[in-house]
Amino acid sequence: MNETLKSFLEGLDGLTLECEARRGQACSLKDLDALRVEFLGRKGKLAEAMTALVRMGPEEKPVAGRKANEVKAELTALLESRQAELEAAGAQGALAGFDPSLPGRRPAPGSLHPVTLAMQEICEVLTGLGFEVVAGPEVENDWNNFEALNMPPDHPARDMQDTLYISDSVVLRTHTSPLQVRTMLSRRPPVAVIAPGKVYRRDSDITHTPMFHQIEGLLVDKSVSMADLRGTLTAFVRQLFSADTRVRFRPSFFPFTEPSAEVDISCMLCGGSGYIKTDPCRVCKKTGWVEILGCGMVDPNVFRAVGYDPEEFTGFAFGLGVERVAMLKYGIGDLRMFFENDVRFLEQFS
Ligand code: DAH
């Protein structure tokens, strides 16, 4: 065999042996990379050995080339198996500080929002009194939200509500009262329904938020009287707050009821005295009473709008703000707490 070829082949076998001996000394992926460059890089040992190829004749060249390819594959395999060893050791190293006996992190359990809780409690009491829960859309047409409720386009009562308009005739409902209209359009008396839900107004300050929650109530039948209204609402607030809560009906005005009233209950913080020891009560502002809802006898014009005969039927309606009830029931002093979603506040209701 040609001398050049012989020493070339021996040299290549030497490369494999050397790599086999040195790969164990590579103790990190960085070391191993340096080794790869040294043997297989563009200016590495294998590349250098291959420069001898140009000095070979046509007989030797293919033999030398084949051997070079074999050695390249051997070197690659040697380095790759070392890489796998190093990676496995690294993973074990990461596990070395792991103590499986330590307690895990518990996921914090969620809790119902106080507004949801108040809503549920109110609905529970009222369904217990025989009312059925109904629902309707938050995007409402002008007719259901205003006109059928005895508020024609030029009615001054529309000023009472700062309305968010979607278009000239479509609004975000400003109250849950359109559910009175929707219910009466789809049913004949007797009806006894409540409608809990979100309502929207263009209002935002310390005591007003652009979205809040109301619950509407409606009862229509033959010969429903103001006495039924008083009896029902008195039973309702006494179940919701406490049996010794005092209730008073104060004359008021709403376009969709006649007569209308606002209901006050004795302040639960100061017990109705207006003072806590000698300090004026901050909840009722010394009056001993807090307002909790609006109500009245359904106006005959509302009955006419939905096709009920006001000579045949009478009824009462009421509407209450859920945030207000939640503030009174849970002693929350600031409306904004409901919407900040601070977990330190919310988790107190779990
Ligand atoms: N819709 C009224 C409001 O948002 C609340 C209300 C008052 C509803 C009297 C009623 C009612 O059904 O009879 O201010």
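Please treat every number below as a calculation from the coordinates, not as lab data. Here the structure is a predicted model, which is why all the values come from computation and not from measurement. No Cβ is skipped: glycine too gets one built from the backbone with ideal geometry, and neighbour counts run over all protein chains shown.
Tabulated values for the structure
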| quantity | calculated |
| --- | --- |
| Amide H contacts under 5 Å for LYS286, placed H, 5+ residues apart | CYS281 |
| Folded to 0 to 90 degrees: helix 29-40 orientation relative to the chain principal axis, Cα | 40 |
| Listed residues ALA77, ALA118, ALA326, most fluctuating in the chain (Gaussian network, C-alpha, under 10 Å) | ALA77 |
| Any cysteine of the chain lacking a neighbouring Cys Cβ under 4.7 Å - listed by number | CYS19, CYS27, CYS123, CYS295 |
| q = 0.22 Å⁻¹: log10 I(q)/I(0) that the Debye formula gives for the stretch 39-168, counting C-alpha atoms only | -1.25 |
| Gap separating the Cα centres of the stretch 167-239 and the stretch 253-273, nearest whole Å | 16 |
| Taking THR278, THR234 and counting other C-beta atoms within 10 Å, the order from fewest to most | THR278, THR234 |
| Student exercise, the chain dipole from Lys, Arg, Asp, Glu Cβ charges, in Debye to nearest 20 | 640 |
| Between the stretch 1-55 and the stretch 69-102, the alpha-carbon center distance in angstrom | 22 |
| Reachable lysines, given that their alpha-carbon falls under 22 Å from the alpha-carbon of LYS72 and they are not under 8 places away in the same chain | LYS6, LYS30, LYS43, LYS45, LYS61 |
| Nonlocal amide H pairs with VAL224, under 5 Å, H built at 1.01 Å | THR314 |
| Gaussian network model of the chain, Cα within-10 Å springs - most flexible of GLU70, GLU140, GLU262 | GLU70 |
| Convex hull projection area averaged over all views, the stretch 3-96, Cα basis, nm² | 6.0 |
| Dipole-positive endmost among PRO259, ALA243, GLY274 within the stretch 226-296 (Cβ charges, Cα centre) | GLY274 |
| Among SER101, SER167, SER111: highest mean-square fluctuation, GNM of the chain, C-alpha pairs under 10 Å | SER101 |
| FRET efficiency estimate (nearest 0.05) - Cβ-Cβ, ASP203 to ILE276, R0 35 angstrom | 0.70 |
| The stretch 98-108 - phi-based ³J(HN,Hα) in whole Hz, Karplus 6.51/-1.76/1.60, Gly and Pro as x | 8, 10, x, 8, 5, x, x, 8, 7, x, 5 |
| J(HN,Hα) series, the stretch 239-249, from Karplus relation 6.51 cos²θ - 1.76 cosθ + 1.60, nearest Hz, glycine and proline x | 6, 6, 9, 7, 5, 9, 5, 8, 10, 9, 9 |
| Long-range HN-HN contacts of LEU293 with modeled amide H, under 5 Å | VAL263 |
| Using θ = phi - 60° and Karplus 6.51 cos²θ - 1.76 cosθ + 1.60, couplings along the stretch 139-148 (whole Hz; Gly, Pro as x) | 8, 10, 8, 4, 5, 5, 7, 10, 4, 5 |
| Residues LEU233, LEU17 arranged by fewest to most Cβ contacts within 10 Å | LEU17, LEU233 |
| Under 23 Å from the Cα of LYS286 - lysines, other chains or at least 8 residues apart | LYS277, LYS329 |
| For the chain, diffusion coefficient by Stokes-Einstein and Kirkwood Rh (Cα), 37 °C, 0.692 mPa s, µm²/s | 121 |
